[in-house]
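Participant: Starting off with a structure, shown below.
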Amino acid sequence: MTTNLTGAPKVRGEESSSLPPMRHGLGVVCGLAAGAWLGAAEAPARLVAGNYSPFAISFCMVLGVFLARWTLPVVLKGTRSVFADLRARPHLILWAVLAGALWSVANTLTIYAIRDVGLAIAFPLWNTNTLIGIFWGWALFHELRGASPRIWIKVLLGASAIVAGSVFLSLLSVHTAGAAHHRALQGIAAALGAGLLWGTMYVPYRKAYLTGINPLSFVTIFTFGEVGTMLFLGAALPGSLPALWRNLHALRPSVFWLLLGGFCWVIGDLFQQYATKYVGISRAIPLSNTNQLWGFAWGVLVFGELAGSYGSVRLLALGASAVTIVGAMLIAGASVSGGEADSTVRAVRRECDRYGLDLDVTLRAQAGADEVAARRRSWWDSLIVLAALAVFIWFAIGAHIPRLEAHIAPAVALFAISIAILAGAGWMLWKRTRFA
């Protein structure tokens with residue numbers, strides 16, 4: 001006889017009652033918020049001219065990600081909470097570094113893919129990480145096991161609809177942008193490779209959150225894998241590090257926009273991390289992949305990608321967007337059944353047995369119900385935040401605003417919507433879990 005999280009007696013076999021309610025809805029909200037901010041992250045990157053080294057562009061974005069991944073956790077929790085979390089689960093440090101390495105390689109591949117075939121074709125190809133993530137979630141972490149056929153249909157149809165919507169939107173972009181680049185096969189291979197790595201990157205994510213680590217702690221160590229991998233690639237790839245430094249010097253007027261894009265990406269990724277924690281890989285990836293819809297909105301409304309197109313093309317764009325929205329709604333409605341919750345608890349138990357963790361404590365932390373005592377802030381917390389601000393200000397002073405036609409009013413509206421989504425989803429996380 002044991003007790004569940006509400007304190008009521010629970011016999012063995014009733015493991016689904018160990019999970020507190022109302023987490024599925026929170027995970028869905030986080031997944032959709034992730035899509036909004038991951039899509040918004042494309043806008044600053046669009047301001048950078050395309051004649052720079054793809055690797056140098058990726059390196060600058062990684063620096064922006066590094067600054068954001070340290071600044072936001074410090075602001076929300078403080079370094080003492082982060083380090084205490086890592087000391088309790090030291091085995092996850094290596095997994096976090098591995099996840100950062102996978103992300104860096106995947107992000108670099110996307111830059112090459114965009115260069116060779118354009119964003120319109122590359123985006124849906126690397127969004128195949130939806131299907132890869134569903135497979136890994138099922139194969140490694142017992143996701144969807146014990147779910148009813150209705151839930152399976154909702155998840156698979158929803159994921160397929162999101163991928164299909166992305167493909168339709170991309171075909172429309174190709175129709176308006178002209179012929180594909182002559183290095184198409186190379187770009188397609190890079191985009192598919194990015195999708196494979198980004199889908200696999202969720203394996204360390206899910207492993208971490210099954211053992212109850214706070215996403216804010218996990219992403220902090222994640223940064224060392226990102227930056228370390230980029231430095232290694234810079235030394236190993238043709239041209240070596242001196243060529244990278246020369247490219248970075250040439251990029252100086254545009255670095256601020258890339259840093260800003262990386263910062264926006266991290267906001268989306270933090271929501272993505274919480275979505276992975278609360279609804280698993282199989283639901284979090286397709287929900288966050290609604291970023292294609294937001295990216296298309298920025299492209300059409302702000303940068304005028306469909307300007308001058310026929311009315312039929314615009315109707316097809318609306319139809320493709322509707323397909324993506326329907327897919328997200330199907331997955332949002334695919335709630336976790338008792339059988340699937342039992343399967344999740346068995347996966348948590350397996351991780352606890354492997355690393356010697358307390359099952360009840362881990363279940364509470366995994367479900368965001370643990371109550372961690374507030375820790376006193378350190379003087380270096382303020383120093384970290386000030387240092388990150390100084391870097392952004394330094395590059396903002398020397399930034400050049402590119403000559404690019406953009407519609408200000410839609411940009412302000414989309415930015416305001418993104419801020420509203422950030423505030424709403426962030427408030428829900430704080431209210432229900434205190435960012436646990």
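Participant: Output the peptides 377-387, 219-229, 80-90 sorted from most to least packed, where packing is the average of other Cβ atoms within 10 Å over each peptide's residues.
Facilitator: Sorting 377-387, 219-229, 80-90 by mean packing, highest first, produces 219-229, 80-90, 377-387.
Participant: Additional query: What does the highest-first list of 245-257, 60-72, 277-289 look like by mean Cβ count within 10 Å?
Facilitator: 277-289, 60-72, 245-257
Participant: Right, here's the next one. Sort region 23-433 into rounded, prolate or oblate with this rule: let a ≥ b ≥ c be the square roots of the eigenvalues of the Cα gyration tensor; rounded if a/c is under 1.5, and if a/c is not under 1.5, prolate when a/b is larger than b/c, oblate otherwise.
Facilitator: On the way: a/c = 1.63, a/b = 1.19, b/c = 1.37.
Here region 23-433 falls in the oblate category.
Participant: Please give the peptides 95-106, 29-40 ranked by average Cβ packing (other Cβ atoms within 10 Å per residue), highest first, as a rough proxy for protection.
Facilitator: Numbers: 95-106: 22.2, 29-40: 25.8.
Put in order of decreasing packing, that is 29-40, 95-106.
Participant: Please compute the contact order of region 23-433 in relative form: average sequence separation of alpha-carbon pairs under 8 Å and at least six residues apart, divided by the residue count, as a percent.
Facilitator: Dividing the mean separation by the residue count of region 23-433 yields 37 percent.
Participant: What is region 378-436 by shape, rounded, prolate or oblate, if you read a ≥ b ≥ c off the alpha carbon gyration tensor as root eigenvalues and call it rounded for a/c under 1.5, prolate for a/b larger than b/c, and oblate otherwise?
Facilitator: Verdict is oblate for region 378-436.
Participant: Roughly how far apart, in whole Å, are the Cα centres of region 390-436 and region 253-273?
Facilitator: Here the two parts' Cα centres lie 9 Å apart.
Participant: Please work out how much length the chain gains when fully extended from Ala411 to Ala189, using 0.36 nm per residue of separation minus the C-alpha to C-alpha distance, in nm with one decimal.
Facilitator: So the extension gain works out to 76.7 nm.
No value in this document is a laboratory result; all are computed from the given coordinates. Computed from a predicted structure; not experimentally measured. Positions of Cβ are generated from backbone atoms using ideal geometry, with glycine treated the same way; all protein chains shown enter the neighbour counts.
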